[in-house]
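Each value in this text was obtained by applying a stated rule to the coordinates, not by laboratory testing. Owing to the predicted nature of the structure, the values given are computational and were not obtained by experimental measurement. Cβ placement follows ideal geometry from the backbone for every residue including glycine, while neighbour counts extend to all protein chains displayed.
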Amino acid sequence: MLVSLILVLVATLGESSSEIVARLKRDLVPTIVSGLMYWPICDFITFKFVPVHLQPLVSNTFSYVWNVYLTYVASQQKVSMV
């Protein structure tokens with residue numbers, strides 16, 4: 001899912017296939033690590049402190065913030081080709 005999102009966003013920016021591969025090499029692992037740190041905290045907060053009837057709202061809010069972060073990562077400057 002993450003790879004496809006990055007691929008679609010950078011492809012719409014008009015990057016070549018070599019630039020897309022370089023961007024994936026630069027951004028993929030740090031983004032996955034960020035997700036592995038972000039989502040457990042979100043789940044802990046949601047299931048520990050939020051009433052059951054509000055959990056979908058809180059979870060969707062966390063998802064919105066995550067999507068903003070993913071869009072930021074995908075819109076960073078092009079990778080400099082050396």
query: Which one, [x] 3, 14, 23, 18, 13, 11, 8, 6, 3, 1, 0; [y] 3, 13, 22, 24, 21, 10, 5, 2, 0; [z] 3, 12, 14, 11, 8, 7, 7, 6, 6, 6, 5, 5, 5, 4, 1, gives P(r) over Cα pairs in 5 Å bins from 0, in percent as derived from the coordinates shown?
result: [x]
message: Just to be sure I understand the model, the point goes 7 Å from the Cα along the line to the Cβ. What's the resulting Thr61 to Leu2 distance in nm?
response: 2.5 nm
message: Along the Cα→Cβ direction, 7 angstrom out, place labels at Val52 and Gln76. What is the inter-label distance in nm?
response: 4.2 nm
Alpha carbon centroid spacing (whole Å) that separates region 1-22 from region 30-82: 20 Å
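Which FRET efficiency value, to the nearest 0.05, is calculated for Ile41 and Ser16 with the Förster distance at 41 angstrom and r the Cβ-Cβ distance?
Values: r = 37 Å, r/R0 = 0.90.
After rounding, the FRET efficiency stands at 0.65.
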